Structure formats: C-alpha cells, structure tokens
Amino acid sequence: MNIAIIGSRGYPYVYSGYETFVKELSERLVKKNIKVTVYCHKGLFIHRPKKLNGINLKYIPTIETKSLSQLIHSFLSFINCCFEKPDLILVVNVANGPLGIIPKLFGIPTLINVDGLEWLRPKWNVLGSFYFKFAARMATFFYDRIINDSEEMRKVYLKLFNKDSKVIAYGAPNSQNQDNSLLDVFDIKKNNYYLVIGRLIPDNNADLIISGFLKSNSTKKLVIVGDVPYNDIYSKKIKGILNPRVVLTGYVRNSKRLFQLYKNSYAYIHGHEFGGTNPTMIKALSYGTAILSLDTPFNREMLQNDKFGLFFKKNPESIKKIIEHSDANYDDIKIMKNKSHLGITEKYNWEFITNQYICEFKLLLSKVL
C-alpha cells in the first residue's frame, strides 16, 4: 500500500496537533510495511532529507502569507502527488476541502481529517468564517471518507451537511521523566499553581480565565503556557498583564518540562471552546491532572461528563467560583488526579488509532478494485 499525506507542515516538524498526528501515524504505518510520503513546507526545513525513519519526504514551496500559505502549499502538493499516483491520499485540515476535486479528477481515493468547528473561531473575519464552512461542505462532496475525532463532531457534520463520518480519536502521549527541577525556571512549586495551555486566541478564553482567577481569593498562581506566532490585539493584551499572580511562560517546546507543568499543577484549566478531541486535554488526562473545563459538548464527551473533571460556564464569575471551590476541596482534587488517567481508553491509543486508519485505507481501496 502506498499513501501520501497532505495538509500539515510536514515531518518531523511537530508544531501542533496535526503535525503530531502525522508523526505518530506515519511512523507506525511504515513499521507495518505501508509506504508513506509526507508533503512538507519547504521553507520550514533547513535540512531536507528525502527519507527519514522510513518515511518519504517531499518539500513543496509556498507563498508565505498568514491566510493563504497552507492552501497554496496544499494545492501544489496535490498537483505533484496526483502525478506520483499513490494508492490513496490522506489529507488533514478542513481548509483543504475544495482541493479534493483535484485527486477526484485523477481517480485517486481520498480521506480527510477535518478537525473542529473552524468557521466559528473568533480569529476569522466574516470572509474567513464563510470560507471554512464552505470548505467543510466541499469536503463532504469531494472526499471519499470524512474522519472526525469525536462523536460530537460527527453529529455536527450529520446535522449541517447530512454527511456521516468515521470517528477516530486523537492519541495520548507517553509520560515523561520525574525531574521536578524543570519547574525552577518559572519560580513555581508543586500544587501551588493552576495551569492553562493553548494558543493565545479568543476561543481558548485565556482572558476570561485570567479575569476569573484574579477575582478569586486563591493564593496560588495562574500559569499560562502558549503564544501565537504573530502580533495581534488579543495576544498583546494578555502578554501585557503584569500581575505577580499570573505567570506567562510563552511557548514551552521541551516535552519533559511540559509534562512537569501538567503533573505538578494543582489543576489544569481548559478553556478551549471549539473542536473535537483536544490534544491538551488528552495530555491532562494522560498525565494524571485534575481538570476544570469550559462546559461544551466536546469537552463533556472527552471527560465523560463529570466523571473526569469539573465544569464552568463562559464567564469570569463561574471561573472564580470553581477556583475557590477547588482551593477549598483538596481531597476532591486528589481524587481527580488519581483517576484522570482512566479517561485514556483504548480509543486514544496511537496503535489502535493506526489500525483504524489502516482499516479505512483497505476499505477504500477494496471499493476501487
């Protein structure tokens, strides 16, 4: 079997959920004797080996603009890929929905992992939101199989586009080492801080979490991990907060340090509003973290309602109350820490996920033959 993967920044460039997904999946596929070619953003790689860890790599250029670089890269990748004639193409990112017409014209079977409700994210203007919803609809026409990572996202596609999809979750990471000294650089202590991790964008709600936390009487700190690779009003406002109770770390790329931040937090606060299986929530569960989460259908699915977490509403007062409740009930926090790893069921296992994708590949190819 010969597959191509298009739509990420490439391999082994681990930047976000898509890149981690491509890395974890492709490395396992080649071990199962499946030929894999990953299309990479040429400008992101100084060294450009043709093959790494058994994975074939194609470096395709693009025009670097905030809105169009990924689409241009994907378009050029599709053109190159279709002349290479793989058995099938796996695509990530719903923005590539309309481009599915290209492999369709070449008769190449396709799957697309569409992720979350991108058209609802506040960072997009009206035109951007329209495009992402249009792209999602086009994906249901042009791709042979839609992959969603949660049952709630499957319901969205059924309701909005009358299109069923296969649910394959995002995988959980392995635990790291136990070196607590990695926290010293931030001047924080075990169980003496709440943790927020995510890009500084409106729909992750870091501003609301900070506001609610500062209204609370908690004596702990609030650690905000994340940034954005551009300057905008929202992120600048957050990064401009000068309060000794709030620690802004920026990006933390060291996986061992990130593990320690999760593991030693009093609780992880999850403000992500849109999307299905969220990688930061997966890590919080996997690393044995107490979780306080924004109340959304996607977050409830991941936490199995209140089995593995507590929920707050989208306002500072609700956040204030849940922080003060958590501060006053350490026994409940300990119980959550001890059982949260049980939320990582088989569906979040990368080996299981890989086998699910292989089944989908074989099913598609059997229809072609």
Pairs, please: C-beta under 7 Å, at least 6 apart or cross-chain, first residue on the phi < 0 side of the Ramachandran plot and in the range 71-90, second aromatic (F, W, Y)? S77/Y39; C81/Y39; C82/F106; L88/F361
What do you reckon, is Y157 assigned to a loop (DSSP other than H, G, I, E, B), touching an Asp or Glu at 6+ places or on another chain (Cβ under 8 Å) and not β-branched (V, I, T)? no
Consider only pairs whose beta carbons are under 7 Å apart and that are at least six residues apart or on different chains; among these, list those whose first residue lies in the range 340-363 and is under 13 Å from M1 (Cα atoms) and in the same structural domain as K32 (by TED's automatic domain parsing) and whose second residue is part of a helix (DSSP H, G or I) and of a type in the set (S, T, N, Q). none
Among the residues of the range 44-58, are any buried (at least 18 other Cβ atoms within 10 Å of the Cβ) and at pLDDT below 95? no
Within the range 16-46, the count of residues that are farther than 19 Å from A172 by Cβ and within 17 Å of the chain's Cα centre (by Cα) comes to 0
Given the residues K220, K256, which is the only one that is touching a residue at least 40 places away in the same chain (Cβ under 8 Å), basic (K, R) and either crowded, with 20+ Cβ neighbours inside 10 Å or not assigned by TED's automatic domain parsing to the domain that holds I291 (or both)? K220
Within the range 333-369, restricting attention to residues that are loosely packed, with under 14 Cβ neighbours inside 10 Å and of a type in the set (D, E, K, R), which residue is nearest to I282 (Cα to Cα)? E346
Condition first: assigned by TED's automatic domain parsing to the domain that holds N148 and either touching a His at 6+ places or on another chain (Cβ under 7 Å) or closer than 17 Å to P279 by Cα (or both). Can you find one or more residues in the range 24-35 that meet it? yes
Regarding the range 46-66, can at least one residue be identified that is in a strand (DSSP E or B) and of a type in the set (D, E, K, R)? yes
Need at least 2 residues that are over 24 Å from S218 (Cα atoms) and at pLDDT below 95 per element, so show me which helices (runs of 4 or more DSSP H) inside the range 235-341 make the cut, counting only ones lying wholly within it. 255-263, 279-286, 297-302
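The values are calculated or read from the model by the stated rules, or taken from the named source; none is laboratory data. For clarity, every value in this text was computed on a predicted model and none was experimentally measured. We place every Cβ from the backbone using ideal geometry, glycine too, and count neighbours over all the protein chains shown.
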